[in-house]
Structures are given as structure tokens and as C-alpha cells.
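Undergrad: First the structure, then my questions, so here it is.
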Amino acid sequence: MKKFDIACLIDDDKMFTFLMSKQMRLIDFCDSILVFNDGDEALRYLKPIMHSPETLPSVILLDINMPVLDGWQFLDEFVKFDIPKKITVYIVSSSIDHADRIKAASYREVSNFYVKPITNANLVEMLNEIEV
Amino acid sequence: MQTELRLYKNIAPLAGLGIWEHDLVKDVIYWNDVVRVILELGEVAYPSVDEALSYYKDPVKARHLIDRAVLSGSPESADLELIGAKGTHKCVNIRIQAEYSKGKCVRIYGTIQDITAHKKLLKALEEREQRFANAFDHAPIGMALVSLTGGWIKVNTSLCELFGYAEEDFLQHTFQDFTFPADLDADLKQLQQLIAGKISTYSMEKRYYHADGRLIWALLNVSLVRNDLGEPLYFVSQIKDVTERKRNMEIIRDQNGRLLNFAHIVSHNLRSHSGNIRMLTSMIQQEEDEAEKDQMLRLLDDNAANLLETLEHLNEIVRIHAGEEKERPELPLTRELDRVLTILSPSIMASQANIIKDVPDDVKVAFDPAYLESVLVNLISNALKYRHPDRRPELIIRTIFCDGVPLLSVADNGLGIDLKLHGHKLFGMYKTFHRHPDARGMGLFLVKNQVEAMGGQIWAESQPGVGTTFFVQFNPVYV
């Protein structure tokens, strides 16, 4: 089975990130997990290392509603990065607002939109989409 | 060529002109046939004067007319009612002249003409005009006749009441004088189209100034009256007060907006908790290690507690808006502010904040006391909480009057916030912008809801690294 090298979770709900990390380990989703509680934290970490592909995540699970910098604001900065690596971005949100789905579709970098809770099946689906 | 007599004998019936004379000397009466027809008499002998007068509904009046003519010696005329021999009610015009010889009245003569049809027409016309005048004067909506240049020609009672002016005040002004400037152009353009004959009527919603200076929203209907030649004469305007409807629509729009916003908040916040609970339960089911299971059960418990807390927060918002009809006593702002500053004095002292208060003693606001305290506590404690690490906090609390309504500003020299980035969620639920351990994202959300529930508005200006100013526009105190 394919797996991600580094997965990145950006979500201010600490309970959610704890549970997701546990679930990811259980199904062997990735080698390691980076957790950030808001978009700003994530940007501060990713920006300095964006030219060293081996330290960059290959998948980002991004929440929308977060303090300081929310998911959209994170994406607006993130798309300006010149990254030498394919990073798949999934929106993982509690929002069932249709406007959010439409907005997500406007970002080329966003591969899919998941509404919480995330099931094992969702994670497996992400794994199956890894390009060989 | 007919003789004069013949011509006159032929023409009189043609014109429907009854001719008569009474020779007082010989006491002889002469009538032409038209008189017979009017009186509905056959080929009978000429009646006596009294008999002739008896056909009139009011013989005394007829007699007076004769007397007047005899006395004055000049032509006299009157419209009288008579009842024909067959009982038909008629209206006739009588002309009468007395002739004198040697100072003595020798003859009276005159004409009689049936004007029943003409009178009926006049009466119908009069009735129609009366009906229009009644409809105009007593219409429940404002009506006016307006000249081609905009001058008020005639206004009805409803319009006077609507605008708060007396009719005389109207007649000295044009509709342009009363129109809210931004709405004038659209109105004038339509008037031109009406005069040009491109449209036959138009209606629009526009604003006028009431006599007391406030704005009223009205639905205006205008049509143009033209003369027989098609030349424009004047406009007929109907003006209906829709201020109340407009205001209600705004209230409904506001409420719908808040309701939708609330639905999103509920959906989002409940979903994040229930999502976690769902994940936990499915993981508990799969877990075989008892110790791990126990840990997850404890997490489940935490989550249930969080869910309850969120529900309480949401409930608070429902309570605020359910209480929109609650009392709004007039509170002296300085007194309330001083009270709040006393409550907050420990944190003011701890942060060594310098507080400058510039609120006149007589400023009063119509507000629920608990909400006012909440608004002031939140705005002031936020200014202290998000102070700049490099300088002593300074707060300027000030009220100015904006259109007669008190506007409170709370300005700090704190961290500031990038409103371009965060402005749209500044007052959102669970939105926080600084990593402060006490930041819950509830304070400003509650404040905004409380201010709006009291009919006010709140907004902010800020510059990152320089400071933030919050503005609270209170609802005017209606006396």
C-alpha cells in the first residue's frame, strides 16, 4: 500500500488533531505528522524550508475556520510559494456552507473538500490518489 | 325673402324659443306654440296670468320676477322650475321685459326656454367634479395637482399630514424643494418622458423631507392631464407613505441576515464537536487495549463538556435577540463608564494603563443596563488584554454627537489588527486574532449582538502595531 512521507495537519481544534494523528498512525497513513493550530503557525514553519523538498509535507489537511490566519488566508500565501515538490491540499472542515465548497474549487491547489468527521475510508481514498 | 314676421315665426320654434306677451291694457295674453309645448297644453284658450303662474313650482318666485321687471323697466331673467300639465318636471329660463307708455306699464313680454337637458348636464358635471373633489380631499393617500414646473397647485389633507405642512406652505414651494436631492434626477427624467408623451404614467419610490427635517419614503404615482389640443396642463401625483414598510423591510432583512448567520454558527460549531465524538466512538469500538479505551472515553467526556459549553454560548445569543423588545432605560453614560472602570480597576492598575475620559456628563443612552456593562467591559478589557508589549497602554474614551446621536469611541495604542485580513470576521463567533491564552472569540461577538439588539451599530478602525479604535453608535433616545 502507498503512503505519504510527511502529512501536515492545520487545525485549531486540538482534539481533532489528536484524534486524526492517532487514526493516521493506525492505518499507516504516513511516516510522520506535522501539526499546526493556525495558518500562521504553518506558514512560519513551511516558508523557510520550502526549497528543501525532503522536509516538506506531501499532503496538507487544512481547516477553514481558524484564529490568526484562517484556511483561505493560509492558501492565499501558500499558492505564492515556488515549491519543487507536489503537495496535495485537502480542505477538512466542519463547514457545510455551500459557498465554502465553491471557494475551495476556485483554488487549483485544492484537490478535494471533506466535511468532518474524517473516516478511515476518507484517509484510504486520499492514499489511493497518490500519483506514482 | 320671408317677411320679418314669418321669419320670426319659423325661427322661434327652430330655436325652441317660447314667446309670450301680456297686454296689460287689453288684458290679452299671446303665446307661440313653443310655450304650449313647454307647458304641455293642447289647443286651449290662453289662460289667465294666475293660471299661467300656477304651473311654476314656486309661483311666488315667478311673480317676483315679473314684479322686478315691471319695477325696473329693464330686462330681467331667471331659471325657474315648472311642472307641465302632464306632470313633467322641467327647468326653464325666463326672460322678461316691461313696456311703459306715459309712465304706465302697458305690456310685459318675454321668452321661455326649456333648459332641462342643459341643467341635467351641468348637474352631472357638478356631481362628477364634487365626486372627484371628495375623492381628492378625503383620499387616504396623499394627492396633489402639480404644475409643469413643479409648483404645488392643490394638495389634499392626507398629503398635508404626510409632510407636516399646511396647504399654504405647499403652494409656496415646488416638489423639488421637498425632494431628497439624490432622488430628484430620476423623478425629473420621468417627468420629461411624461411631457414628451413617451410614457403615460410612472411610479417610483423616493424620499421627501418632512417639515421636521426627517426623511420619509414614499411611493409616487404621476400622470399628466392634457387639454383638448393635447397640450400638457398639470400633473396628478399620488404619494403614499411607505416609510414604515421600508423600515420593516430593513428590520426583516437584518433579522434574516442574523438568522442565517446564526444557522451557520450553529451548524459549524455543533458539527466540529459531533465530528470529534463520532471519530472517538468509532475508534473506541476498534480499540482493544483497555488503557487506550479509557483514555479515549475521558476524551469523549471532555468533548461532551465542550459541546455543552458551545450550546450555552449559542443560547446566550438567542437570549440577546429574544430580548430585543426589552426595556431600554435612559442611562447616563458617564455613570455607567465610571462603574465599569471601577470593576476593571485591578487590571487597569496591573497594566498601568492611562485612561483618558472625555464623556460629557449629560450624555444619555437608551440601553439595557447589563448589555451596556458588557459592551464597556469587553471593549476596555480588550484594549488592556491586547496591549503593545513595548509601551504603557493608553485609552481614550470619548463621545461625540453624530446627527444628534451619541457615538462612543474607545481608542487604544495596543497591538492593532490587520482589518484588511481580518475585518470581515472581527465580530465573528470563536474568531481570535492574537495568540492570547484568554482569547475565546466570544467577547466582540456578544458585544456586536448586544449593540444590534439595542438598535445600535459597532465598527472598528485599526492599524497593526499602532492601535485600535472601536466605535459604538447608539440608538437615538426618542423623547
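The values are calculated or read from the model by the stated rules, or taken from the named source; none is laboratory data. Note that the coordinates shown come from a computational prediction; the quantities given were computed from them, not determined experimentally. Using ideal geometry, Cβ is built from the backbone for each residue, glycine included, and neighbour counts are taken over all protein chains shown.
Undergrad: Can you find, within segment B:366-396, the residue that is surrounded by the most Cβ atoms within 10 Å (Cβ to Cβ) among those that are within 13 Å of B:ASN413 (Cα to Cα) and of a type in the set (Val, Ile, Thr)?
TA: B:ILE380
Undergrad: Any residue in segment A:4-25 that is without any contact (Cβ under 8 Å) to a residue 60 or more places away in the chain and more than 8 Å from chain B (Cβ to nearest Cβ) sitting within a Cβ distance under 9 Å of a residue that is part of a strand (DSSP E or B) and of a type in the set (Ser, Thr, Tyr)? List the pairs, counting only those 6 or more apart or interchain.
TA: Matching pairs, first to second residue: A:ASP5/A:SER32; A:ILE6/A:SER32; A:ALA7/A:SER32.
Undergrad: Run B:LEU337 past the list (1) within 14 Å of chain A (Cβ to nearest Cβ); (2) touching a residue at least 60 places away in the same chain (Cβ under 8 Å) and report the number of the one that doesn't hold.
TA: Unmet for B:LEU337, out of (1) within 14 Å of chain A (Cβ to nearest Cβ); (2) touching a residue at least 60 places away in the same chain (Cβ under 8 Å): (1).
Undergrad: Still on this structure: Condition first: part of a strand (DSSP E or B) and surrounded by fewer than 19 Cβ atoms within 10 Å (Cβ to Cβ). Now tell me which residues in segment B:356-365 satisfy that. Let's see the steps before the verdict.
TA: Within segment B:356-365, the first condition is being part of a strand (DSSP E or B), and the residues that meet it are B:356-358, B:364-365.
Of everything in segment B:356-365, those that are part of a strand (DSSP E or B) and surrounded by fewer than 19 Cβ atoms within 10 Å (Cβ to Cβ) turn out to be B:ILE356, B:LYS357, B:ASP358, B:LYS364.
Undergrad: Follow-up. For B:ASP228, work out the one condition from (1) more than 14 Å from chain A (Cβ to nearest Cβ); (2) surrounded by 13 or more Cβ atoms within 10 Å (Cβ to Cβ) it doesn't fulfil.
TA: Evaluating B:ASP228 over (1) more than 14 Å from chain A (Cβ to nearest Cβ); (2) surrounded by 13 or more Cβ atoms within 10 Å (Cβ to Cβ) leaves (2) as the failure.
Undergrad: Could you list, in sequence order, the residues of segment A:80-100 that are among the β-branched types (Val, Ile, Thr) and modelled with pLDDT of 90 or more?
TA: A:ILE87, A:THR88, A:VAL89, A:ILE91, A:VAL92
Undergrad: Hey, among B:TYR55, B:TYR30, which residue is of a type in the set (Ser, Thr, Tyr) and over 18 Å from B:ILE108 (Cα atoms)?
TA: Of the residues listed, the single one that is of a type in the set (Ser, Thr, Tyr) and over 18 Å from B:ILE108 (Cα atoms) is B:TYR55.
Undergrad: Can you name every one of the helices (runs of 4 or more DSSP H) wholly within segment A:35-115 that holds 2 or more residues which are within 11 Å of the chain's Cα centre (by Cα) and not polar (S, T, N, Q)? Write out each step before concluding.
TA: On the way: elements: A:39-46, A:71-78, A:98-105.
The helices (runs of 4 or more DSSP H) meeting that bar are A:39-46, A:71-78.
Undergrad: Could you check how many residues of segment B:191-205 are part of a strand (DSSP E or B) and not polar (S, T, N, Q)?
TA: Summing the residues that are part of a strand (DSSP E or B) and not polar (S, T, N, Q) in segment B:191-205 gives 3.
Undergrad: Which residue is farthest from A:ASP63 (Cα to Cα), if the candidates are limited to segment B:278-297 and must be at the interface with another protein chain (Cβ under 8 Å from one of its Cβ atoms) and touching a residue at least 12 places away in the same chain (Cβ under 8 Å)?
TA: Out of the qualifying residues, it is B:MET283.
Undergrad: Continuing with the same structure: From the list B:GLU288, B:GLU316, pick out the single residue that is outside the structural domain of B:ALA366 (by TED's automatic domain parsing) and not in a helix (DSSP H, G or I).
TA: Exactly one of B:GLU288, B:GLU316 is outside the structural domain of B:ALA366 (by TED's automatic domain parsing) and not in a helix (DSSP H, G or I), namely B:GLU288.
Undergrad: Can we say B:ASP187 is surrounded by 15 or more Cβ atoms within 10 Å (Cβ to Cβ), out of contact with any Pro (no Cβ under 6 Å at 6 or more places or on another chain) and not in a strand (DSSP E or B)?
TA: Here the answer is yes, as B:ASP187 does meet what is asked.
Undergrad: For segment A:87-94, does any single residue satisfy the condition of being within 14 Å of chain B (Cβ to nearest Cβ), out of contact with any strand residue (DSSP E or B) (no Cβ under 8 Å at 6 or more places or on another chain), in contact (Cβ under 8 Å) with a residue 60 or more places away in the chain and within 30 Å of B:GLN286 (Cβ to Cβ)? Lay out the reasoning, then the answer.
TA: Pass one, segment A:87-94, residues within 14 Å of chain B (Cβ to nearest Cβ): A:91-94.
Now narrow it down to the ones that are out of contact with any strand residue (DSSP E or B) (no Cβ under 8 Å at 6 or more places or on another chain): none.
Within segment A:87-94, not a single residue is within 14 Å of chain B (Cβ to nearest Cβ), out of contact with any strand residue (DSSP E or B) (no Cβ under 8 Å at 6 or more places or on another chain), in contact (Cβ under 8 Å) with a residue 60 or more places away in the chain and within 30 Å of B:GLN286 (Cβ to Cβ).
Undergrad: Please state which one of A:LEU56, A:LEU46 is closer than 22 Å to B:LEU421 by Cα and more than 13 Å from every other protein chain (Cβ to nearest Cβ).
TA: Checking each option against the conditions leaves just A:LEU46.
Undergrad: Looking only at segment A:99-121, which residues are within 14 Å of chain B (Cβ to nearest Cβ), surrounded by fewer than 17 Cβ atoms within 10 Å (Cβ to Cβ) and without any contact (Cβ under 8 Å) to a residue 24 or more places away in the chain?
TA: A:ALA99, A:ARG101, A:VAL115, A:THR119, A:ALA121
Undergrad: So which residues in segment B:99-141 are without any contact (Cβ under 8 Å) to a residue 60 or more places away in the chain and in a strand (DSSP E or B)?
TA: The answer is B:GLU99, B:TYR100, B:SER101, B:LYS104.
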